[in-house]
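Each remark here refers to the structure printed beneath this line.
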Amino acid sequence: MTTTADGAEVVAPSRAQGTGKREGKGVATTAHIALILWSLLVILPLVWTLLSSFKSTQEVLGNPLSLPGKLRFSNYANAWTTAGIGRYFVNTVVVVGVALVLVMVLGAMCAYVLARFTFPGNRLIYYSMLGGLTFPVFLAIVPLFFVLKNLSLLNTLPGLIITYVAFALPFTVFFLHSFFKALPGEVYEAAQIDGAGEWRSFFSVMLPMARPGMASVAIFNFLGLWNQFLLPVALNTNSNNYVLSQGMASFASQAGYAVDFGALFAAVVITVAPVLVVYIIFQRQLQVSVTAGGVK
């Protein structure tokens, strides 16, 4: 503490405060550098893939890092039609779309009941769902194969949809359970007093209040189902019902050394684009969900 000419006392900054500020700036600088490096590791491969999708095979093999001589949109046409990516894309949209709707509705209903109601076997069902998260997928391939075969659903899109729902349901219930459990009970009681039944209370009151959690788990499920490879390879060997992950593997291997790399990279862009679009649209809901979870 020092005294000025007019007698006022001024508190001088301590050496510890100055050291703390320097350490804080150092941490911030290091974090920014790490984030920049990580962003480059993620963005540069995407940009390179996008540029390569407009190149010819000779350009890709001759100088992979150069800009395309001209924009060859024909690569996308070849990938969509000749390589059959269009059919695989439609199959994937149907399978993932239907499975996502089913798993979100069923998962939300199951999580709501387990979180808000007490009944015999409640915890047993919940922990069984958690056990499903630890069960390796490859261990269920053989039983699933025979189950779908006995139901005449093997190598069909409905069979793949049912399998996707079964494997995504435990994570959905686990994720949404905490959201429904944290919702205020007074709102539910007010809806009951106003004459709303259990179904209307859930769909009109409680479900909209859990919208951030629903959006977040929908994004995670979409990413997991869209990129699923092991299940369709084992349970869907009919080439007419291939999904994108199977179609990409088939396209990359069927031509051997004569593969059209321009069309191959175009197919990769077609496969990745929906994932990026969905994340960009729903990223704010994901951030809100994470913030809400941190506050709770």
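The values are calculated or read from the model by the stated rules, or taken from the named source; none is laboratory data. These numbers come from a predicted model, not from an experiment. All Cβ positions, glycine included, derive from the backbone under ideal geometry; neighbour counts span all protein chains shown. Just so you know, the surface numbers come from the protein's heavy atoms only, side chains and all, with ligands and any DNA or RNA stripped out. Shrake-Rupley method; radii C 1.70, N 1.55, O 1.52, S 1.80 Å.
Here are some notes:
- Relative contact order of the chain, taken over Cα pairs closer than 8 Å and 6 or more residues apart, is 27 percent.
- Separation of alpha-carbon centers, the stretch 96-123 and the stretch 148-182, rounded to whole Å: 11
- Estimated 222 nm signal from helices in the chain, with DSSP H stretches of n ≥ 4 weighted -39500 (n - 2.57), rounded to 500: -23500 deg cm²/dmol
- Per residue, the accessible area of the chain comes to 59 Å², computed with a 1.4 Å probe over protein heavy atoms only.
- Just checking the listed ones, 199, 48, 226: in the Gaussian network model of the chain with Cα springs under 10 Å, the one fluctuating most is 199.
- Taking the accessible area of the stretch 70-143, probe 1.4 Å, and keeping the other protein chains in place, the carbon and sulfur fraction comes to 76%.
- Positive-end residue, the chain charge dipole about Cα centroid, Cβ charges, pick of 63, 272, 45: 63
- Between residue 46 and residue 193, the contour length at 0.36 nm per residue exceeds the alpha carbon distance by 47.5 nm.
- Membrane-span-like helices in the chain, defined here as complete DSSP H runs extending at least 27 Å along the helix axis by their C-alpha atoms with mean Kyte-Doolittle hydropathy no lower than 0.5, are 15-52, 85-116, 157-182, 261-295; this is a sequence and geometry rule, not a statement about a membrane.
- For the stretch 45-140, the list of trypsin sites (Lys or Arg not before Pro) that fall in a loop by DSSP and count at most 11 other C-beta atoms within 10 angstrom reads 70.
- Length gained on full extension, residue 200 to residue 145, computed as 0.36 nm times the residue gap minus the Cα-Cα distance: 15.9 nm.
- Structural descriptor for the stretch 136-261: relative contact order 36 percent, calculated from alpha carbon pairs under 8 angstrom and at least 6 residues apart.
- With each label modelled as a point 7 angstrom along the Cα→C-beta vector, the residue 254-residue 223 pair spans 3.1 nm.
- By a 1.4 Å probe calculation restricted to protein chains, residue 59 has an accessible surface near 40 Å², given to the nearest 10.
- For the chain: rounded, prolate or oblate by the Cα gyration tensor [a/c cutoff 1.5]: oblate
- Where 179, 138 fall by accessible area, highest first, once all protein chains stay in place (1.4 Å): 138, 179
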